[in-house]
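Below is one structure; the comments refer to it alone.
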């Protein structure tokens, strides 16, 4: 299974230590009476030999099948098949070693009773007890007042420890911890517990104590031992003034090595409670994905009104089908954007209000590609309480790769069929959205040549054949106005493109020893694009207008390469480009006017990327309007370090504005900071994120998380300030991590470790 999510906080196992402790140190024990009931028929024991030892103890050896039974003692009484020994007694049998003041051993059945300073050792555990009833062959038995250590570091105590079957223990009045200090920083105490080796520990009436102070009580808890093991995660507690006390609890269920489910429960004392289920799967042939369902139930309001429950559905599925087909499905739906905005702690997801559902089928075969898609996309604008909706049902495409005809001439084609709907949600509600069904076929010839190593030339000619089932026709009551109707329309035109890259020039700079170290490359480019006129283009139904491209795009790119480990590496890249429209009236610029005419050049587009090392980078991009002398977009991103480092910081600044119309409601000016700091000397690490609206001069979102590692205990606390919700909200939460046990996640996720 993947780890997302990093996403996934799997139950990391305190249970492992618990389980290990019990599994390792005591071979499973049944009562002596039970052993006697299941013992094999007595057989005549082999001869017993006795020797003197250096510490004045006697030694008895006997063969028991393939294993040797060896006993050391000071005093002994022996009868046929029976030994009672005392005085620093030791029993060695296979991997087991037993120490005691006195023992009572039946050599035929291997039942042993031990009293006084009992110590039982096996390969991975050590246990001390007051007394023991045990069978050396079955490794089943019972110990009283037991204290032990199981590998790697699980410490336990129990009034009674009973191994009832192989790899399974039952404990009464038990305590567990993974802390190695004489006074453990934390421990579990419970009335009874069951431990299954390499699987889980389940406890009844469990109390968690930290520094001897009881913190949590649970009637029943089941904790995992290994990664991807069924069990509860540690709960998380928080508070927010608008929603009250918050409690979050996760349960992780392993169905198989390739299947698991996470159940989440979260309660807000003032507004209600909710839950979520996430099912993850990884099947043969690359099939896999996750399905998430969340639902929240609101409490009645003070006036008695009962709000409707809210839900979220998220699905990601990838599947390989027969004959080379690949299927991808993505669903992200919610009952209301208001619910997502008020409860989702992921800032980007909560503030970009979208719904999406699509199924995509594709295949690549013998030089062709095929795809089929059914989709619906919806983007909500809260300021006007409306959404833009786009639907494709279906959208089919069949294309060819470039097929060589006569060197260097290539042939290719693109074809598609679409049934399309577009409009505001308010238009859909009135059944007044735009509709279109069309078929397209575009054959193309291309001629790429490299006359010189420093020059690349590519020429292509393509045809566009389009058949539309619907088109715009004059309105009967007002011929100057056009409306959509089921009136077929066929259009055709051709496209010519000439692309020139070069001449490329470069210069190499040597280091102090005369060896090449830096290479500067300058590459100019120019592209001529011509769409022939389309008859009846004013009848074509489009989302935002029909454009014909007759233009020249020119640009210049600079590369600085450095030599690193005998290989060139991109260090700095800078590019600048602009488009000149030879027929501006039919271009995308026809929506704007400059001195009563359509502008004939586009924004000047620039980008800069600096990558001094893999741990640092700087990205800058900007579009500049040469008419209004204003930037339409500016984007800056800087990265210092990585999240795994002791310090990292990511900065993202973005400004977007329509310089032709400053009233457009989707203009943005925002900055984001995201970073982290680790201080090993203080056992501290933290992360923080801030989003600030520069235009409105207001903080949109701030979140800070700090974790204190106190030996075998992790304390984490976070605070969030959410200004993008209906009312300003401040959240506080607190969690504890013990050993390898993970912590529960937020209901809908957000920033954190």
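Where a number appears in this text, it was derived from the coordinates with a stated rule and is not lab data. Owing to the predicted nature of the structure, the values given are computational and were not obtained by experimental measurement. For neighbour counting, all protein chains shown are included, and Cβ atoms are generated from backbone atoms with ideal geometry for every residue, glycine included.
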Rounded to whole Å, give me the distance from the Cα center of the stretch 311-342 to that of the stretch 391-426. 24
Distance between modelled label sites at residue 507 and residue 62, nm, 7 Å Cα→Cβ extension: 9.6
In nm, the gap between the two label points placed 7 Å beyond Cα toward Cβ at residue 377 and residue 631 is 2.7
Can you tell me the length gained on complete extension of the stretch residue 269 to residue 439, counting 0.36 nm per residue apart and subtracting the Cα distance? 55.6 nm
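Give the Rg/Rh ratio for the stretch 542-625, taking Rg as the radius of gyration of the Cα atoms and Rh as the Kirkwood radius, to two decimals. Write down the numbers at each step before the final one.
Working: Rg = 18.3 Å, Rh = 15.4 Å.
On the Cα set of the stretch 542-625, Rg over Rh gives 1.18.
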In deg cm²/dmol, rounded to the nearest 500, the helical mean residue ellipticity at 222 nm of the chain, built from -39500 (n - 2.57) for every DSSP H run of length 4 or more, is -1000 deg cm²/dmol
May I have the extent of the alpha carbons of the stretch 371-482 along their three principal axes, as whole Å values ordered from largest to smallest? 59, 37, 27
Residue separation times 0.36 nm, minus the C-alpha to C-alpha distance between residue 427 and residue 683: what's the value? 86.4 nm
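What is the calculated FRET efficiency for residue 642 to residue 397, with r their C-beta to C-beta distance and R₀ = 35 Å, to the nearest 0.05? Walk me through the numbers on the way to the answer.
Values: r = 39 Å, r/R0 = 1.11.
Efficiency for this residue pair is about 0.35.
Could you line up 692, 554 from fewest to most neighbouring Cβ atoms inside 10 Å? Each step should come with its number before you reach the end.
Numbers: 692 18, 554 15.
Result, fewest neighbours first: 554, 692.
In units of 2.2 N^0.38 Å, what is the alpha-carbon radius of gyration of the stretch 516-571?
Here the answer is 2.08, to two decimals.
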The extension gain from residue 656 to residue 349, computed as 0.36 nm times the residue separation minus the Cα-Cα distance, is 108.6 nm
At 7 Å along Cα-to-Cβ for each site, give me the label-to-label distance between residue 494 and residue 721 in nm. 6.4
From the P(r) of the stretch 432-591, can you give the percent of Cα pairs sitting at distances over 29 Å? 45
Across every pair of different alpha-carbon atoms, what Kirkwood hydrodynamic radius in Å does the stretch 216-345 reach? 17.1
How fast does the stretch 498-543 diffuse by Stokes-Einstein, in µm²/s, taking the Kirkwood radius from C-alpha pairs at 4 °C and 1.567 mPa s? 85
Over all alpha-carbon pairs of the chain, lay out the pair-distance distribution in 20 Å bins, whole %, shortest bin first. 12, 31, 29, 17, 9, 2, 0
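Between residue 130 and residue 335, what FRET efficiency comes out of the Förster formula 1/(1 + (r/R0)^6) with R0 = 51 Å and r the beta carbon distance, rounded to 0.05? Walk me through the numbers on the way to the answer.
Values: r = 61 Å, r/R0 = 1.20.
Efficiency at R0 = 51 Å is approximately 0.25.
How big is the C-alpha Rg of the stretch 290-419 next to the rule-of-thumb value 2.2 N^0.38 Å, as a ratio?
Details: Rg = 21.2 Å, N = 130, 2.2 N^0.38 = 14.0 Å.
In units of the globular-protein estimate, the stretch 290-419 measures up at 1.52.
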What FRET efficiency do you get for residue 542 and residue 256 if R0 is 51 Å and r is their Cβ-Cβ distance, rounded to the nearest 0.05? 0.50
